[in-house]
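No value in this document is a laboratory result; all are computed from the given coordinates. Keep in mind it's a predicted model, so treat the numbers as computed, not measured. Note: ideal-geometry Cβ built from the backbone for every residue, glycine included; neighbour counts use all protein chains shown.
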Amino acid sequence: MRLLIEAALAAGRPEAARPALDFLQASGCEDPGLVFLAERVRSLLP
């Protein structure tokens, strides 16, 4: 998950992380690092 989200951020394509974001939300993940990255990516989505 982290790798996909970080790659999407680095590529300037936050929409590419949507599958990972959907999975994290559905799974109820509470990992602080992943939650932070997910929030960062979501803030860049339209």
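Things worth noting here:
- Positions within the stretch 3-18 being in a helix (DSSP H, G or I), loosely packed, with under 13 Cβ neighbours inside 10 Å and either under 8 Å from the mean Cα position of the chain (by Cα) or not hydrophobic (A, V, I, L, M, F, W, C) (or both), in sequence order: GLU15
- Qualifying positions in the stretch 22-38 - outside any helix (DSSP H, G or I) and small (Gly, Ala, Ser): GLY28
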